[in-house]
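What follows is a single structure, written as structure tokens, with notes after it.
The values are calculated or read from the model by the stated rules, or taken from the named source; none is laboratory data. Nothing here was measured: the structure is a model prediction, and the numbers come from that model. When we count neighbours, we look across all protein chains shown, and the Cβ atoms used for this are built from the backbone with ideal geometry, even at glycine. Surface accessibility is based on the protein's heavy atoms, side chains included, excluding ligands, DNA and RNA. Shrake-Rupley method; radii C 1.70, N 1.55, O 1.52, S 1.80 Å.
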Amino acid sequence: MATTISSLVTPPPLHRRCCRRWPCPSPARLSVGAPPPSLVAARARRHPAVAQVVASSSVLEAPEEVAARKLYVGNIPRTVTNDELTAMFAEHGTVERAEVMYDKYTGRSRRFGFVTMSTTEEANAAIESLNDTEVSGRKIKVNVTESFLPNIDRSAPEPEPVFVDSQYKVYVGNLAKSVTTEMLKNFFSEKGEVLSATVSRIPGTSKSKGYGFVTFSSEEEVEAAVSTFKNAELEGQPIRVNKA
């Protein structure tokens with residue numbers, strides 16, 4: 001009789017993934033495979049963001065496809081805003097995003113931006129219509145960004161000469177992409193003794209940020225450089241020169 005009572009109160013064996021409660025869920029609930037619809041719905045209610053990512057993962061574009069419709073817009077007037085940039089490209093399709101780039105220190109426009117169109121065809125149409133057109137007296141450049149395009153040079157950049165800083169320094173903006181540190185130094189050497197020069201690069205690449213700095217040995221040389229080279233052309237592009 002005692003044996004019979006013991007067998008009645010002994011819990012059934014625990015399944016490996018059970019939560020240590022008994023009676024244990026049915027084996028069907030613990031089977032390996034797709035979860036039941038009720039469990040999927042419950043998880044979606046608890047984690048809606050995760051469910052949204054999973055649902056949209058099948059329609060994510062490849063980086064190359066995004067890059068093919070993302071445009072670089074250069075040499076724009078400093079007064080152009082995001083809304084004006086959007087309006088400029090909206091004539092050629094649907095603009096998903098338009099952004100003018102600003103200097104984080106001065107808050108001034110860096111005279112370039114990026115526009116993402118909704119299709120590659122619209123991006124190509126915008127390039128065809130807007131590249132080399134004038135906006136407020138400036139000839140703008142419109143082309144596809146290079147971030148994910150094939151055959152670009154991803155090799156490590158050549159090491160730049162060590163930059164010698166000085167209190168006598170000028171900022172040089174709107175530099176053409178082809179301008180090197182050596183070219184910048186030689187260009188400003190005509191009006192004084194250049195201690196050092198540097199073209200700012202995107203970290204880890206050889207791509208120019210479009211500006212640089214030149215240091216001199218005296219305040220007089222700085223003044224001469226600003227007055228002489230302001231709006232001068234270097235590599236066919238007008239440059240901006242200010243005291244740094």
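Taking the Cα centre of each part, how many Å lie between segment 87-130 and segment 196-242?
If we compute the Cα centre of each part, the gap is 26 Å.
Once the Cβ-Cβ distance between Ala87 and Val162 is put in as r, and R0 is 45 Å, what FRET efficiency do you end up with, to the nearest 0.05?
0.50
Quick one: which of Lys70/Lys185; Lys70/Lys169; Lys70/Lys243; Lys139/Lys209 span more than 29 angstrom between C-alpha atoms? Could you put the intermediate results ahead of the total?
Values: Lys70/Lys185 34 Å; Lys70/Lys169 36 Å; Lys70/Lys243 35 Å; Lys139/Lys209 19 Å.
Result: Lys70/Lys185; Lys70/Lys169; Lys70/Lys243 exceed 29 Å.
Heavy-atom accessible area of Lys70 with all protein chains present, probe 1.4 Å, nearest 10 Å²?
Roll a 1.4 Å probe over it and Lys70 shows about 80 Å².
How much net charge surrounds Asp132 when only the other residues with a Cβ under 15 Å from the Cβ of Asp132 are counted, with Lys and Arg +1 and Asp and Glu -1?
Every neighbour counted, the sum reads +1.
Distance in nm between label sites at Thr120 and Val226, each 7 Å beyond Cα in the beta-carbon direction?
Roughly 4.9 nm, to one decimal.
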